[in-house]
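Read-outs throughout are calculated quantities, based only on the coordinates presented, and are distinct from any laboratory measurement. Keep in mind that what you see is a predicted model, and the values were worked out from it rather than measured. Backbone-built Cβ (ideal geometry, glycine too); neighbour counts: all protein chains shown.
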């Protein structure tokens with residue numbers, strides 16, 4: 001029943017269908033924007049996590065490599081009939097660098113024969129043999145993935161860099177070792193390690 005004086009324009013309090021649909025559209029747009037923003041933040045977080053892991057692995061590789069070359073022993077391989085040199089580097093054959101490494105001062109690591117190479121899967125591998133002789137199959141450990149190129153050069157007594165070690169005129173250790181890594185993403189890292 002209508003109250004006296006009520007017109008057809010008077011209505012019960014509430015929202016019209018158009019007002020509700022407009023509110024739903026606005027909330028949908030806000031929800032979509034929030035989802036895209038959250039998705040972008042999560043993608044950025046994943047990218048930062050991957051990059052951090054990559055650079056931690058690179059730092060760990062260089063730390064290991066530096067320790068090995070600085071513990072290089074200037075003596076031939078024990079028990080080797082050919083008298084293999086203490087330190088050998090070859091740019092085009094076998095491992096890129098091979099050396100006899102003394103044990104660590106805290107005896108955590110024994111003396112070993114070690115080598116580094118780049119395998120076909122773009123991974124830098126560490127090869128380990130017992131100190132007695134670098135014969136037989138080495139233990140192989142993958143240290144760094146996603147490496148497109150690995151170059152190692154050696155500083156001779158005449159202060160010239162060479163791709164192979166030992167040169168004909170020297171049998172001692174090089175003065176320094178230069179390592180150049182090109183990652184699959186195109187980043188280039190160069191480090192020089194002194195042996196003196």
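Multiply the residue separation of residue 128 and residue 164 by 0.36 nm, subtract the distance between their alpha-carbon atoms, and state the gained length in nm to one decimal.
10.9 nm
Please give the length that would be gained between residue 16 and residue 57 if that part of the chain were fully extended, namely 0.36 nm times their separation in residues minus their C-alpha to C-alpha distance (nm, one decimal).
8.6 nm
Would you order 188, 109 from fewest to most other beta-carbon atoms within 10 Å of each residue's own beta-carbon?
Final ranking by Cβ density, sparse to dense: 188, 109.
Modelled label-to-label distance, residue 28 and residue 178, 7 Å Cα→beta-carbon offset: nm?
Inter-label distance under the simple model: 6.4 nm.
Subtracting the Cα-Cα distance from 0.36 nm times the residue separation, let me have the gained length for residue 66 to residue 120 in nm, one decimal. Don't jump to the answer; show the numbers that get you there.
On the way: separation 54, 0.36 × 54 = 19.44 nm, distance 2.37 nm.
Extra length available between residue 66 and residue 120 comes to 17.1 nm.
When 29, 147, 69, 182 are ordered from fewest to most other Cβ atoms inside 10 Å of their Cβ, what list results?
In order of increasing Cβ crowding within 10 Å: 29, 182, 147, 69.
Give the order of 97, 18 when sorted by the count of other beta carbons within 10 angstrom, beginning with the fewest.
18, 97
With an 8 Å Cα cut-off and a minimum separation of 6 or more residues, compute the relative contact order for the range 90-167 in percent.
In percent, rounded to a whole number, it is 24.
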